[in-house]
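The values are calculated or read from the model by the stated rules, or taken from the named source; none is laboratory data. The structure displayed is predicted, hence computed values, not measured ones. We place every Cβ from the backbone using ideal geometry, glycine too, and count neighbours over all the protein chains shown.
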């Protein structure tokens with residue numbers, strides 16, 4: 001992320017969530033009444049158009065042509081991660097959102113009503129997010145904000161100083177971030193997650209390494225790469241699915257689930273997902289710190 005700007009990809013994800021929220025309650029994967037409020041003025045207009053059925057169809061089709069699979073993948077993975085968090089929250093009451101972006105789970109997931117929630121993110125994004133949430137009259141007391149540059153700061157130390165109890169299990173969520181960092185920074189976060197208390201859950205996303213080095217062909221990949229390069233936030237890191245379990249094990253984590261976009265779209269959206277190609281290189285993972 002360029003130092004003086006808010007993450008553009010965080011705003012795009014909020015657009016995708018706003019598009020889903022605009023659907024009828026009985027047909028949407030989740031509700032997110034704050035998504036539109038987190039957008040800058042030029043994107044807030046698009047969020048309003050999602051509420052108009054003909055305009056919504058045109059706008060979604062436009063997004064899907066320009067960025068094949070990104071919108072449907074983003075919506076499906078949001079719901080998948082929501083479900084994993086809700087399941088874990090039955091036993092765990094600490095949540096750490098790493099690189100939180102414009103995540104709104106603290107306000108929209110009832111399962112987190114009594115949880116201690118920490119949002120760890122770049123100071124620029126955190127500052128703008130809080131300002132927009134205040135304008136929407138959201139209760140900022142639901143979250144402890146920890147401002148961090150992942151490639152420079154000691155986020156473990158800053159988290160503990162903010163009140164995080166490392167002796168108790170936690171739910172860690174690292175959504176849509178790993179591909180933007182160096183391998184060293186990614187491995188550092190993974191080692192941090194592996195040192196969490198036994199029974200902790202760690203949820204994260206990654207892109208298939210083949211999409212970065214061109215060794216594997218994916219539908220729509222060239223458009224996706226061009227789009228993220230154009231935002232000034234290029235992808236730098238990927239993993240190979242067949243090596244993931246060993247990669248996690250070496251860093252103290254046990255793999256529980258690894259789903260590519262085609263799989264988690266099918267899980268969330270059913271048969272209609274067959275008409276939603278693209279982003280099959282994107283993966284969402286659930287891991288656990290093994291119990292003794």
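Does the range 83-98 include one or more residues that are within 23 Å of residue 276 (Cβ to Cβ), within 18 Å of the chain's Cα centre (by Cα) and either in a loop (DSSP other than H, G, I, E, B) or in contact (Cβ under 8 Å) with a residue 24 or more places away in the chain (or both)? The answer is yes; a qualifying residue exists. Within the set 76, 47, the sole residue that is modelled with pLDDT under 90, crowded, with 20+ Cβ neighbours inside 10 Å and assigned to a helix (DSSP H, G or I) turns out to be 47. Checked against (1) surrounded by 16 or more Cβ atoms within 10 Å (Cβ to Cβ); (2) over 19 Å from the mean Cα position of the chain (by Cα); (3) modelled with pLDDT of 95 or more, residue 174 passes all but a single condition, namely (2). Checking every residue in the range 148-157 against the condition of being within 19 Å of the chain's Cα centre (by Cα) and modelled with pLDDT of 95 or more gives zero matches. Each residue in the range 105-125 was checked for being surrounded by fewer than 20 Cβ atoms within 10 Å (Cβ to Cβ) and closer than 24 Å to residue 179 by Cβ, and 2 of them qualify.
Table: residues versus (1) under 21 Å from the mean Cα position of the chain (by Cα); (2) assigned to a helix (DSSP H, G or I).
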{"residue": "6", "(1), (2)": "yes, no"}
{"residue": "11", "(1), (2)": "yes, yes"}
{"residue": "16", "(1), (2)": "yes, yes"}
{"residue": "24", "(1), (2)": "no, no"}
{"residue": "27", "(1), (2)": "no, no"}
{"residue": "34", "(1), (2)": "yes, no"}
{"residue": "51", "(1), (2)": "no, no"}
{"residue": "56", "(1), (2)": "no, yes"}
{"residue": "63", "(1), (2)": "yes, yes"}
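Listed by position, the helices (runs of 4 or more DSSP H) enclosed by the range 207-268 that each have at least 2 residues that are surrounded by 14 or more Cβ atoms within 10 Å (Cβ to Cβ) and in contact with a helix residue (DSSP H, G or I) (Cβ under 7 Å, 6 or more places away or on another chain) are 221-230. The selection criterion, being crowded, with 17+ Cβ neighbours inside 10 Å and either under 16 Å from the mean Cα position of the chain (by Cα) or under 18 Å from residue 288 (Cβ atoms) (or both), holds for residue 196. Selection of helices (runs of 4 or more DSSP H) fully inside the range 99-203 by the criterion of at least 3 residues being in contact (Cβ under 8 Å) with a residue 12 or more places away in the chain, out of contact with any strand residue (DSSP E or B) (no Cβ under 7 Å at 6 or more places or on another chain) and closer than 18 Å to residue 237 by Cα returns 183-194.
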